[in-house]
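Q: Just passing along the structure, written as structure tokens.
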Amino acid sequence: MREITYRQALNEALAEEIARDPNVFLMGEEVAEYNGAYKVSQGLLDRFGPTRIIDTPISENGFAGLGIGAAMVGLRPIVEFMTFSFSLVAFDQIVNNAPNMLTMSGGQFNVPITFRGPNGPAHQLGATHSHATECLYANVPGLKICTPATPRDAKGLLKAAVRDNNPVLVLECELFYSHKGMVEDEDVDLLIPLGEAELKQEGSDVTIICYAQTVPIALAAAENLAKENINAEVIDLRSIKPLDWPAVFKSVAKTHRVVIAEQDRPWCGIGSEIAYRIQQEIFDELDAPIQRVSQEDVPMPYNEALEQAVLPSAAKIVAAVKKIC
Amino acid sequence: MSQPEQRDEVEMLATMLLIRRFEERASQQYQAQKIGGFCHLYIGQEAVVTGAVAATRPDDYLITAYRDHAHALARGTSADACMAELFGKATGCSKGLGGSMHYFDKEHHMYGGHAIVGAHVPLATGMAFAAKYRKEDRVTLCFFGDGAINQGGFHEALNLAGLFKLPVIFICENNFFAMGTSVKRSTSLEQIVDRARGYDMPSGIIDGMSFRDVRDGLSHLIASIRKEPHPAFVEMRTYRYRGHSMSDPASYRTKEELEKFRLEDPITRLRAQLTREGKLTNEQFDKMDKKAKDAAMSSVKFAEKSPEPPLDELYGYTYAPNGEESPAAGTRATKPSEKGRGSSTREKKRTGANISPNGKQA
Ligand SMILES: Cc1ncc(C[n+]2csc(CCOP(=O)(O)OP(=O)(O)O)c2C)c(N)n1
Ligand SMILES: [Mg+2]
């Protein structure tokens, strides 16, 4: 194990998969000569050359579709969106073409493509540049979605996504690229299966379910709660689809209280689905109403204080826990 | 000028007849309510796809919009599989899951059947990208209507193809209407072909009612593309005799206009050429036509007696399975369980027993 950044972890995952499989290539805006808008693809053009690392014009609908067409005939493209806010311009390709092809063709054409890039609000970027897109895409059958929150998960999930035979969205955290964490040495082929949550911290009084940007704030909330003798169990979902229901149910059966901390907006949200499934499957395990902490249901304001008011926070999670503990 | 790759003309005339007779039957079956959803007939436009197929190799990639019956038939998909797809049967070319607008046939390199106008044009650039990436000399043929050329995806795809020099021919089947909207009312240019100028690729207008013009025009481009990959754009001037879809009486156009094009009917025209040149007798033609009619008729019988897709096909294709090397979970979507319904007791059981054991999609 060694300590590397989230950015470096993604870079290693890209390099390893491109080196391993000649069908894998990276395409997107500024990925090659500029070394990536967030420097995730640093050095890859020098190492792999312009046939494998491909700059595109600002043309998300076009190059997302190009990737899907290439995947239909056997390549395994990695398509980078400068941020997932810009993937909305390619929404039709991601929603209508990639995940429908296998069913529409009666099983003849699967689409092994990875769409990746930063997702979720960053800092004061305003309404157009602050979208968390997981709720939008989670609604679509045929897509898989993962949301790595640590360098280790970023590397392992991205590598698993590239090897998956389906369209996978790797929703990275724009604010985490410089975060450091322990990751297996480079000689380890680190693969983290899609659909496996991680128990971040054991506890007995309440389960805090989190993912992506809400992972560090959930852990901070748990630390504060511990000072008041409330032992929170923290689960990082890591994948939104498929979702690790057994891990969720197991923890709830132990703590009987749940707070869901979401990066996205509340309406038809990830937490709505999780809360519904918990009450449907293990209603009798619940001792209190399920609480949710998410963004406010408003377009993201620019002003710093107002933006903070929209976002989930450790304090909001603590308050939600205290309502039921 | 005949190229070595070109297919036999009499054989291609037989294909045009098969397409025509197949669709006449399909139309009849639609009216008899044996076919659901939307159904768009290609009758009148047959020379475009048969001419194109005559100019290409079977392993060249082909992709089109929703008016796609002819494209599959021309490529070699059986009339049986095509009719069964319209009937929604398990024996259909997309196993009854695609329908009229979503024909697919991997074996014959037919990559769909795409029903969002313009959305498949970027896919075609991707297929051409893959061919170039693997250093293959395959050409991708991308068919679309005049209605597609005002979509953003179309422009993005042409720009990418021009920029990356991809081996793809964009074939606009200009039948002068997108539903009820004429090209005059949809497009800023006098001539559709001028769209290509913005993307630096060779382009031309071809008489889409003439099999030989289509074939030879494309042969010429294909020979050049196989030597050194590049895109091209062709506007095929053609006409659909029927309405946009089965429910459209096409009252937005005149009888005279339709008659003018009918006089140029692609089947009649190629037949006359071949007869004049002594390559086809009337008896031969009649025999071919009868064969096409029989194939269409028996495709209906085949579709009728084919099984419906089993209900669990519903969950079979949402996700592709992953091979040994892949660590990914949840490869096959499973049915939501009936379990967990109506938990009537408020008593706390807390055994964990009703936690779904495999639970991925409890
Ligand atoms: C994005 C989108 N908008 C609208 C439609 C509805 N629609 C289906 S076909 C069609 C007309 C298309 O005409 P054209 O491209 O000329 O093809 P043709 O029907 O003449 O073969 C329209 C508007 C659609 N399928 N997709
Ligand atoms: Mg048209």
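Q: Among the aspartates and glutamates, which have Cα under 17 Å from the Cα of B:Lys291 when same-chain residues fewer than 8 positions away are ignored?
A: Those aspartates and glutamates meeting the cut-off are B:Glu9, B:Glu11, B:Glu23, B:Glu24, B:Asp80, B:Glu283.
Q: Using helices alone, I'd like the mean residue ellipticity at 222 nm for chain B: each DSSP H run of four-plus residues gives -39500 (n - 2.57), total over residue count, nearest 500.
A: It lands at -12000 deg cm²/dmol.
Q: Under the rule of at least 5 residues apart or a separate chain, name every residue whose amide H is placed under 5 Å from the amide H of A:Asn119.
A: A:Phe84, A:Glu172, A:Cys173, A:Glu174
Q: Based on C-alpha coordinates, I'd like the Rg and Dmax of chain A, in Å.
A: When restricted to Cα atoms, chain A yields Rg and Dmax of 19.5, 58 Å.
Q: Among B:Lys165, A:Lys250, rank each residue by its count of other Cβ atoms within 10 Å, from fewest to most, as a rough exposure measure.
A: B:Lys165, A:Lys250
Q: Determine the equivalent ellipsoid of the stretch B:1-128 by diagonalising the alpha-carbon gyration tensor, then write out the semi-axes as square roots of 5 times the eigenvalues, largest first, rounded to whole Å.
A: Computed over the stretch B:1-128, the values are 23, 18, 12 Å.
Q: List the residues whose amide H sits under 5 Å from the amide H of A:Thr207, counting only those 5 or more places along or on another chain, with H placed 1.01 Å from N in the peptide plane.
A: Those lying under 5 Å, H to H, from A:Thr207 are A:Glu233, A:Arg257, A:Val258, A:Val259.
Q: When averaged across all projection directions, what area in nm² does the alpha-carbon convex hull of the protein assembly as shown cover?
A: So the Cα hull casts an average projection of 33.2 nm².
Q: Now for a separate question. Where does chain B land on Rg(C-alpha)/(2.2 N^0.38 Å)?
A: Relative to the rule-of-thumb radius for its length, chain B sits at 1.14.
Q: For the stretch A:13-18, what does the Karplus curve 6.51 cos²θ - 1.76 cosθ + 1.60, with θ = phi - 60°, yield as ³J(HN,Hα) per residue in whole Hz, taken in order and with x for Gly and Pro?
A: With coefficients 6.51, -1.76 and 1.60, one gets 4, 4, 4, 5, 6, 5 Hz.
Q: Please turn the phi angles of the stretch A:255-270 into ³J(HN,Hα) values with the Karplus equation 6.51 cos²θ - 1.76 cosθ + 1.60 (θ = phi - 60°), one per residue in order, whole Hz, x for glycine and proline.
A: Per-residue couplings from phi come out as 9, 6, 9, 9, 10, 9, 9, 10, 7, 9, 7, x, 5, 6, x, 4 Hz.
Q: Taking only Cα atoms, what is the 0 to 90° angle, nearest 10, from helix B:152-164's long axis to the longest principal axis of chain B?
A: Here the helix axis deviates by roughly 70 degrees.
Q: Here is a follow-up. Give, in nm to one decimal, the length gained when the segment between A:Leu125 and A:Ala19 is fully stretched (0.36 nm per residue of separation minus the Cα-Cα distance).
A: 34.6 nm
Q: Would you mind telling me the antiparallel percentage of the DSSP bridges in the protein assembly as shown, rounded to 5?
A: The answer is about 20 percent antiparallel.
Q: Turning to a different aspect of this structure: Calculate the mean, over all residues of peptide A:239-250, of how many other protein chain Cβ atoms lie within 10 angstrom of the residue's Cβ.
A: 4
Q: Counting only other chains, what is the mean number of Cβ atoms within 10 angstrom of the Cβ of each residue in peptide B:94-104?
A: Whole-number average of other-chain Cβ neighbours for B:94-104 is 4.
Q: What FRET efficiency comes out for the pair B:Ser27/B:Glu277, r = Cβ-Cβ distance, R0 = 30 Å, nearest 0.05?
A: Efficiency computed from Cβ-Cβ geometry: 0.40.
Q: Let me confirm one metric for peptide B:141-152, namely the mean number of other chain beta-carbon atoms within 10 Å of its residues' beta-carbons.
A: 1
Q: Here's something else I'd like to know. Can you list the GluC sites (Glu not before Pro) in the stretch A:111-204 that are in a DSSP coil and have 15 or fewer other beta carbons within 10 angstrom?
A: Filter output for the stretch A:111-204: A:Glu184, A:Glu186, A:Glu202.
Q: Using the per-residue mean of other Cβ atoms lying within 10 Å as a proxy for protection, in what order, highest first, do the peptides A:316-324, B:67-75 fall?
A: Ranked from most to least packed, the peptides come out as B:67-75, A:316-324.
Q: Under a point spin-label approximation (7 Å from Cα along Cα-to-Cβ), what is the A:Gln42-A:Leu88 distance to one decimal in nm?
A: So the two model labels end up 3.1 nm from each other.
Q: Then there's this: Please arrange A:Cys146, B:Cys39 by counting, for each residue, the other beta carbons lying within 10 Å of its beta carbon, fewest first.
A: B:Cys39, A:Cys146
Q: Report, ordered by chain and residue number, the aspartates and glutamates lying within cross-link reach of B:Lys135, taken as a straight Cα distance under 18 Å and ignoring same-chain residues fewer than 8 apart.
A: A:Asp21, B:Asp59, B:Asp60, B:Glu228
Q: Run through every distinct alpha carbon pair of the stretch A:204-325 and return the Kirkwood hydrodynamic radius in angstroms, one decimal place.
A: About 14.4 Å for the stretch A:204-325.
Q: Can you work out the Karplus-derived ³J(HN,Hα) for every residue in the stretch B:36-49? Use 6.51 cos²θ - 1.76 cosθ + 1.60 with θ = phi - 60°, whole Hz, and x for glycine or proline.
A: Couplings: x, x, 8, 8, 10, 9, 9, 3, x, 9, 4, 5, 5, 6 Hz.
Q: Taking the Cα atoms of the stretch B:105-178 alone, what are Rg (to one decimal) and Dmax (as a whole number) in Å?
A: 12.2, 38
Q: Taking the alpha-carbon centroid of each part, what is the distance from the stretch B:293-326 to the stretch A:266-315 in angstrom?
A: If you average the Cα positions of each part, the centres end up 42 Å apart.
Q: Give me the angle, in degrees from 0 to 90, between the Cα long axis of helix B:266-276 and the longest principal axis of the Cα atoms of chain B, rounded to the nearest 10.
A: Relative to chain B, helix B:266-276 is tipped by roughly 40 degrees.
Q: When a footprinting reagent is the concern and you count Cβ atoms within 10 Å, what order do A:Phe48, A:Phe63, A:Phe91 take, fewest first?
A: Ascending Cβ contact count within 10 Å gives the list A:Phe91, A:Phe48, A:Phe63.
Q: On C-alpha positions alone, give me the angle between the axis of helix A:151-163 and the longest principal axis of chain A, in degrees, nearest 10.
A: So the helix axis and the longest Cα principal axis differ by about 50 degrees.
Q: Quick one: if you take sqrt(5λ) for each eigenvalue of the C-alpha gyration tensor of the stretch B:203-255, what semi-axes come out, biggest first, whole angstrom?
A: Listed largest to smallest, the semi-axes of the stretch B:203-255 are 32, 11, 9 Å.
Q: Scan around A:Arg76 for amide H atoms under 5 Å from its own, H built in the peptide plane at 1.01 Å from N, and keep only partners 5 or more places away or cross-chain.
A: Excluding prolines and chain starts, which carry no amide H, the hits are A:Val24, A:Phe25.
Q: Here's something else I'd like to know. Hey, rough spin-label estimate for B:Lys255 and A:Leu199, points 7 angstrom out along Cα→Cβ, what's it come to in nanometres?
A: For B:Lys255 paired with A:Leu199, the spin-label model returns 8.1 nm.
Q: Can you tell me the order of A:112-121, A:273-282, B:184-193 when each peptide is scored by its average per-residue count of other Cβ atoms within 10 angstrom, highest first?
A: Result, highest mean first: A:112-121, A:273-282, B:184-193.
Every read-out reported here was derived from the displayed coordinates using simple, explicitly stated rules and does not represent laboratory data. As the structure is a prediction and not an experimental result, all values here were calculated from the model. In this analysis, Cβ positions are derived from the backbone assuming ideal geometry, glycine residues included, and neighbour counts consider all displayed protein chains.
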